[in-house]
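Colleague: This is the structure I have questions about; it appears just below.
The values are calculated or read from the model by the stated rules, or taken from the named source; none is laboratory data. The shown structure was predicted, so the numbers you read here are calculated from the model rather than taken from an experiment. Cβ placement follows ideal geometry from the backbone for every residue including glycine, while neighbour counts extend to all protein chains displayed.
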Amino acid sequence: MIRASSDNGASTSQQTGAQGAQGAQGAPGGGQGAPGGMGGGGMGGGTGRGANGLAGVLYGDFVASDGNGGTVTRRMQTGTVTAVSASSITAKSADGHATTFAVTSSTTVGGGTIGDVKVGDTVTVVGAISGDAAIATTITDSTLNQTNGGGQQGGQPPATN
């Protein structure tokens, strides 16, 4: 079961089912997502099979299979970066909700490094929950991806010249 808030402020619930349990390949450089999770950091790249129905979701927690018969709780936040350092990132969604994630050496940033992410960039951050803390596993920076010629955020066609 996924509970999250979408850009229209409504709370959404969706059963992930067998298709969601398959997981998804993430954005280039984003790595493999947790089974049933947001492959490689969310909406960018990959097959998106594990993210069906999540386009437009701003933030939320979800439970996914850990691939070993157990589960893992993940947190996702899409929004504008309000603070970023080598050890943390905070993103604020359009409705004003903000989440801070710890950044570790295991955190992957699609299209770059944490040093490339700037205040004002649009990101989707997915992380693991550890106690009260969220630890970023993947950061998809759509501003950085567009600047570096990377892929578009999920659901958007490539730009044409």
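Colleague: Quick check on segment 63-72: of everything there that is closer than 19 Å to Thr108 by Cβ and of a type outside the set (Gly, Ala, Ser), which residue is surrounded by the fewest Cβ atoms within 10 Å (Cβ to Cβ)?
Modeller: Asp66
Colleague: List pairs: first in segment 133-161 and over 18 Å from Thr80 (Cβ atoms) and of a type in the set (Val, Ile, Thr), second modelled with pLDDT under 90 and surrounded by fewer than 18 Cβ atoms within 10 Å (Cβ to Cβ), Cβ under 9 Å, 6+ apart or cross-chain?
Modeller: Matching pairs, first to second residue: Thr137/Gly31.
Colleague: Within segment 94-116, restricting attention to residues that are touching a Leu at 6+ places or on another chain (Cβ under 8 Å) and of a type outside the set (Gly, Ala, Ser), which residue is farthest from Gln77 (Cα to Cα)?
Modeller: So the residue we want is Asp116.
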